[in-house]
1. So how much slack lies between Trp75 and Lys117, counting 0.36 nm per residue of separation and subtracting their Cα-Cα distance, in nm?
2. With a 1.4 Å probe and all protein chains kept in place, how do Arg177, Arg166 rank by accessible area, largest first?
3. Tally Lys/Arg at +1 and Asp/Glu at -1 over every other residue whose Cβ is under 13 Å from the Cβ of Leu52; what's the total?
4. Would you please give the residues with an amide H less than 5 Å from that of Val103, counting only those at least 5 places away or on a separate chain, with H modeled from the backbone geometry?
5. Which FRET efficiency value, to the nearest 0.05, is calculated for Arg166 and Asp97 with the Förster distance at 30 angstrom and r the Cβ-Cβ distance?
6. I'd like the accessible area for Lys65: 1.4 Å probe, protein heavy atoms, all chains in place, Å² to the nearest 10.
7. Quick one: what are the phi-derived ³J(HN,Hα) couplings along region 87-98, Karplus 6.51/-1.76/1.60 with θ = phi - 60°, whole Hz, x for glycine and proline?
8. If DNA, RNA and ligands are ignored and the probe is 1.4 Å, what is the ranking of Leu85, Leu101 by accessible area, most exposed first?
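The values are calculated or read from the model by the stated rules, or taken from the named source; none is laboratory data. On a predicted model such as this, the values are computed, not experimentally measured, just so you know. Backbone-built Cβ (ideal geometry, glycine too); neighbour counts: all protein chains shown. Note: accessible area is taken over every heavy atom of the protein model, side chains too, but ligands, DNA and RNA are not part of it. Shrake-Rupley method; radii C 1.70, N 1.55, O 1.52, S 1.80 Å.
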Amino acid sequence: MRLRAGRAWLCAIVLAFALMPDVGQAQHAHPSVQKAAPTVGTPAIPFELRTLDGKAISLGSFRGKPLVMNFFASWCDPCREEMPLINELAVKAASNDYSVLAVAVEDSRSAVTQYAKESKLAFPIALDLNSTVKRAYRIFGPPATFFIDRQGIIRDIIIGPLTPERASTALSNAGIRR
């Protein structure tokens, strides 16, 4: 008798789950979560961050001007190796009508501030302290550099250290004269 009661109870539970309305993916989707990684030819993902000096900076801050956006960390050896090249690009940016922005990821404000002073970095540095922009751009670790044209379209992506040759090609792809 006990076995039959147990089976009846189990059948009732299974039937209840089978008859429950289907909770579709749309009901659980989060509109702020991007589905696809940014790729060459797609719009750059908007963001808003604070710079080392506390000023708000966003993708819209660079509207109408090509942008070289580099994700880095002060502790990252490949980032440190490529930083003189990024700094050189920033020095040439004003005369060639483009901008350079570094986005510090997986780092602390104090470490980035110290590194920027030591390295005499000549461009704005945005702090992505909670990795929001890093996740949106699908960066798993620094360095990574995005070359964005004046319309806000990604024209080249370099995952890993930037070389002078690769930078030259990417700048050209983004419509940037050197």
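1. Values: separation 42, 0.36 × 42 = 15.12 nm, distance 1.44 nm.
Gain in length upon complete extension: 13.7 nm.
2. Details: Arg177 150, Arg166 85 Å².
So, going from the largest accessible area down, we get Arg177, Arg166.
3. Values: positive: Arg50, Lys55, Arg109, Lys117; negative: Asp53, Asp107, Asp128.
My count for the surroundings of Leu52 gives +1.
4. Distant-sequence amide H within range of Val103: Asn70, Phe71, Phe72, Ala126.
5. Details: r = 21 Å, r/R0 = 0.70.
Taking R0 as 30 Å, the efficiency between Arg166 and Asp97 is 0.90.
6. Approximately 70 Å² of Lys65 is accessible to the 1.4 Å probe.
7. 5, 4, 4, 5, 5, 7, 4, 4, 7, 10, 6, 9
8. On the way: Leu85 20, Leu101 0 Å².
From most accessible down to least: Leu85, Leu101.
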